[in-house]
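Scroll down for the structure; my scribbles are underneath it.
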Amino acid sequence: MDRNHAWQLLCQYTKTESLLKHALAVEAALRHYARHYHQDEEYWGITGLLHDFDYEMYPDEHNHPYRGNEILSRAGYPEEMRTAIMGHAGYTNTPRNSLLAKTLFAVDELSGFVIAVALVRPSKSILDVEPRSVQKKFKDKAFAAKVNRAEIKQGITELGVDETEHIQRVIDALKGIADQLGLAGNQ
């Protein structure tokens, strides 16, 4: 199990640029948290990279992430990783008992929301995003309406972190890959 193999698997099932960028964003957020919690950064990063790898092929609740879990199981990915991936989709009712599972759930929706906030800024840059601007947009229900705000709040609660600090960690993680996400700005 290495990142190159995980990237190849992701690209085998995912062709949409926005989904690939989402995978990179969640990977970056999990790597950031792995460093924070003194966990295996590669392991956590691969979990983030693969959490939605089957979504483009199996976008409905009857198949995602179930089909992906089967594929990862056959490929020999660890049960803890697969359980965390199952738990990121609340409708699976998979308990999030590990720190990895709680963190994945906490960063998944928030990563997308932070990216949306960056994209509406005049600079189109993650480098200009601050937690208070994310929190302000969070209150605007029309903004990024498809983002499940209840899951973001639930993830923060389950992880037991301060909301502002959590948002800042996700922003910091995304700043580290701003070029890959197309969020370095239009300077």
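What follows draws every value from the coordinates through simple rules; no lab data is involved. On a predicted model such as this, the values are computed, not experimentally measured, just so you know. So basically every Cβ, Gly included, is an ideal-geometry build from the backbone, and we count neighbours across all protein chains shown.
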Flagged pairs (Cβ under 7 angstrom, 6 or more apart or on separate chains; first in region 1-22, free of Cβ contacts under 8 Å to residues at least 40 places away in the same chain; second surrounded by 12 or more Cβ atoms within 10 Å (Cβ to Cβ) and of a type in the set (D, E, K, R)) are LEU19/ASP52; LEU19/GLU56
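Rundown of residues vs (1) in a helix (DSSP H, G or I); (2) within 11 Å of the chain's Cα centre (by Cα); (3) aliphatic (A, V, I, L, M), yes/no style:
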| position | (1), (2), (3) |
| --- | --- |
| GLN8 | yes, no, no |
| ALA25 | yes, yes, yes |
| HIS36 | yes, no, no |
| GLN39 | no, no, no |
- Message: Just to be sure before I move on: is ALA106 within 29 Å of LYS139 (Cα to Cα), hydrophobic (A, V, I, L, M, F, W, C), touching a residue at least 24 places away in the same chain (Cβ under 8 Å) and surrounded by fewer than 23 Cβ atoms within 10 Å (Cβ to Cβ) in the structure I sent?
- Response: no
The residue that is surrounded by the fewest Cβ atoms within 10 Å (Cβ to Cβ), considering only those in region 17-43 that are hydrophobic (A, V, I, L, M, F, W, C) and more than 17 Å from GLY155 (Cβ to Cβ), is LEU19
Taking region 150-170 and keeping residues over 14 Å from the mean Cα position of the chain (by Cα) and in a helix (DSSP H, G or I) leaves ALA150, LYS153, GLN154, THR157, GLU158, LEU159, GLU163, THR164, GLU165, GLN168
Residue hits (region 130-145; touching a helix residue (DSSP H, G or I) at 6+ places or on another chain (Cβ under 8 Å) and under 13 Å from GLY112 (Cβ atoms)) are VAL134, LYS137, PHE138, PHE143, ALA144
Note on region 75-95: residues more than 15 Å from the chain's Cα centre (by Cα), of a type outside the set (Gly, Ala, Ser) and part of a loop (DSSP other than H, G, I, E, B) are TYR77, PRO78, ASN93, THR94, PRO95
Per the filter on region 43-58, residues more than 15 Å from the chain's Cα centre (by Cα) and either within 25 Å of ASP162 (Cα to Cα) or free of Cβ contacts under 8 Å to residues at least 24 places away in the same chain (or both) are TYR58
Note: among ILE71, ILE46, just one is among the β-branched types (Val, Ile, Thr) and either surrounded by fewer than 21 Cβ atoms within 10 Å (Cβ to Cβ) or on the phi > 0 side of the Ramachandran plot (or both), namely ILE71
